[in-house]
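Okay, structure first, notes after.
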Amino acid sequence: MLPGYNTNGFAHHKIEDALQILAELGYRSIAFTLDYNTVEPFAANAIARARELGKIAQDLGLNLVIETGARFLLDPRRKHQPTLLSKQASDRKKRADFLLRCAELGLAMGSNTLSFWSGKPDFEAAEDGYWELIIEQCVLIIRQMENSGTS
């Protein structure tokens, strides 16, 4: 077990400084949230930025877990939306595409772990319906990761 910390706790620091400070404090594992202030997943320079920060983390002896909980990255008006449990298929796809991109960036950073969750549904359904939807979404994401070589 490695002592870890989430980069969200350093939201008002340059990420390079945050990594340095966390390493100095003795942390060895970082939950690294991909967001506007760290690595913006869909930016043109995202892969290069991910490699750069992954190298810094490696040099500091930090293991990275890629965290996908950026609050307003996918929708500037609705926190943590859309989710894998959104009613609209296009919204679920937006979240799934984001997770796939995060997996790709995680590999560029030297990480082998992606953290994600179902999210909150935006419609009423029976609990079984939610479970069916989340299983379906996870299977689709895993298949896409396998097909793209990010699994």
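3J(HN,Hα) along the range 72-79: 10, 5, 8, 8, x, 10, 10, 4 Hz, from the Karplus curve 6.51 cos²θ - 1.76 cosθ + 1.60 with θ = phi - 60°, whole Hz, x for Gly and Pro. What percentages make up the Cα-Cα pair-distance distribution of the range 4-148 when the bins are 10 Å wide from 0? All Cα pairs considered, the percentages come to 11, 40, 31, 15, 3. Restricting the range 62-151 to GluC sites (Glu not before Pro) that sit in a DSSP loop and have at most 12 other Cβ atoms within 10 Å of their own Cβ leaves E124. Within the shell defined by Cβ-Cβ distances under 11 Å, the residues around R92 carry a net charge of 0, with Lys and Arg each +1 and Asp and Glu each -1. Relative to the longest principal axis of the Cα atoms of the chain, helix 46-59 runs at roughly 50 degrees. Listed by chain and number, the lysines whose C-alpha is less than 27 Å from the C-alpha of K14, apart from same-chain residues fewer than 8 away, are K55, K79. Projected label points at I56 and E146, each 7 Å from Cα along the beta carbon direction, are separated by 3.7 nanometres. Here the contact order of the chain, divided by its residue count and restricted to Cα pairs under 8 Å and six or more residues apart, works out to 21 percent.
What angle do you read, to the nearest 10 degrees and between 0 and 90, between the alpha-carbon axis of helix 127-148 and the longest principal axis of the chain? Helix 127-148 and the main axis of the chain meet at about 50 degrees. Centre-to-centre, using Cα atoms only, the range 1-60 and the range 122-151 are separated by 28 Å. 3J(HN,Hα) along the range 105-118: 5, x, 4, 4, 8, x, 8, 10, 9, 10, 9, 8, 9, 5 Hz, from the Karplus curve 6.51 cos²θ - 1.76 cosθ + 1.60 with θ = phi - 60°, whole Hz, x for Gly and Pro. Other residues lying with their Cβ under 12 Å from the Cβ of E16 contribute a combined charge of 0, Lys and Arg counting +1, Asp and Glu -1. When the P(r) is computed for the range 83-137, the part past 13 Å accounts for 61% of the Cα-Cα pairs.
No lab work stands behind these numbers, since they all come straight from the coordinates. It should be emphasised that the depicted structure is a prediction, and the values quoted were computed from it without experimental measurement. Because the Cβ atoms are built from the backbone with ideal geometry, glycine has one as well, and the counts that use them run over all protein chains shown.
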